[in-house]
Amino acid sequence: MKKISAYQVLDVIFPVALHYGIMLLTAMLTGNDLDAAAQTTLAALAAFPLLWRLYKKEPRSKGSYTFRSLWVLPFLGMAGNLLFSFLLRAIHLTEHFSNAFQEALFQSDLLIQVIGIGIFVPFVEEVIFRGLVYGKLRRRFSWWAAAAVSAGFFAFYHGNVIQIVYAFPMGLLLAWAYERWGCLLAPVLIHVGANLLGILETVRNA
């Protein structure tokens, strides 16, 4: 395996740290004025220009795909959501660990949930974890290594055991889609499909 310098490690971590810092600052400035979904969406909006600028500087190979081949990806995200959620229930993880923050995201106004948590936040997260983190790792390591490390970052970034167990295999799926289609839109569509299904299930069960 190729060696990676301290600078390269920091280069991989920087987009994650940047977004996290903006999230903390947003929470501090808005306090109790905004709920979790609104804060998360606002932080994504604030971080997006910087993250997109970093992403545009990254060397990328053109993917060989047609837009017609992308239509199935939101449904793949929904299938992933159903499968990984089923596994969480099967191992009874939800009975032993809190998922309070994730649940708080789905208690906001429905429009904020759909536009923010369902569409825009997944797009920004894909810029970070697939466009930047995975992309930087993939230039030095094999697909499996880059996918596993980027999925690990993605999982632990969600901050609790339930989301870590759910997000790691989802992160592998998203990395595979980015590698397979060669465009950021592929993992974005999967991520959007998974999140929108989560919102729909919450509304249905309310």
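The values are calculated or read from the model by the stated rules, or taken from the named source; none is laboratory data. No experiment lies behind these values; they were computed from the predicted model shown. All Cβ positions, glycine included, derive from the backbone under ideal geometry; neighbour counts span all protein chains shown. Surface areas here come from the heavy atoms of the whole protein model, side chains and all, with no ligands, DNA or RNA. Shrake-Rupley method; radii C 1.70, N 1.55, O 1.52, S 1.80 Å.
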Separation in nanometres of the label points that stand 7 Å from Cα toward Cβ, at L25 and Y65:
3.2
So if the hydrodynamic radius of segment 50-112 is defined as the Kirkwood radius over C-alpha pairs, what does Stokes-Einstein give as its diffusion coefficient at 37 °C and 0.692 mPa s, in µm² per second?
205
Segment 135-178 -> Rg/Rh from Cα coords, Kirkwood Rh, value 0.99
Expressed as a percent, the portion of alpha-carbon pairs in segment 1-102 spaced more than 15 Å apart is 79
Taking 0.36 nm per residue of sequence separation and subtracting the Cα-Cα distance, how much length would be gained by fully extending the chain between V161 and W144, in nm to one decimal?
3.8 nm
Could you work out the pair-distance distribution P(r) of segment 10-69 from its alpha-carbon pairs, with 10 angstrom bin width and percents rounded to whole numbers?
20, 37, 25, 15, 4
Would you mind listing how long segment 145-206 runs along its three principal axes, going by Cα atoms, in whole Å with the largest first?
39, 26, 13
Can you compute the equivalent ellipsoid semi-axes for segment 38-150, i.e. the square root of 5 times each eigenvalue of the Cα gyration tensor, sorted largest first and rounded to whole Å?
27, 20, 16
Share of accessible surface on carbon and sulfur in segment 69-206, whole %, 1.4 Å probe and ligands ignored, is 71
Crossing angle, helix 36-56 versus the chain [Cα axis fit, 0-90 degrees, rounded to tens]:
10
For the chain, the spread of Cα positions along each principal axis, largest first, Å:
48, 37, 35
Considering only protein heavy atoms, what per residue accessible area in square angstrom results for segment 56-206 with a 1.4 angstrom probe?
51
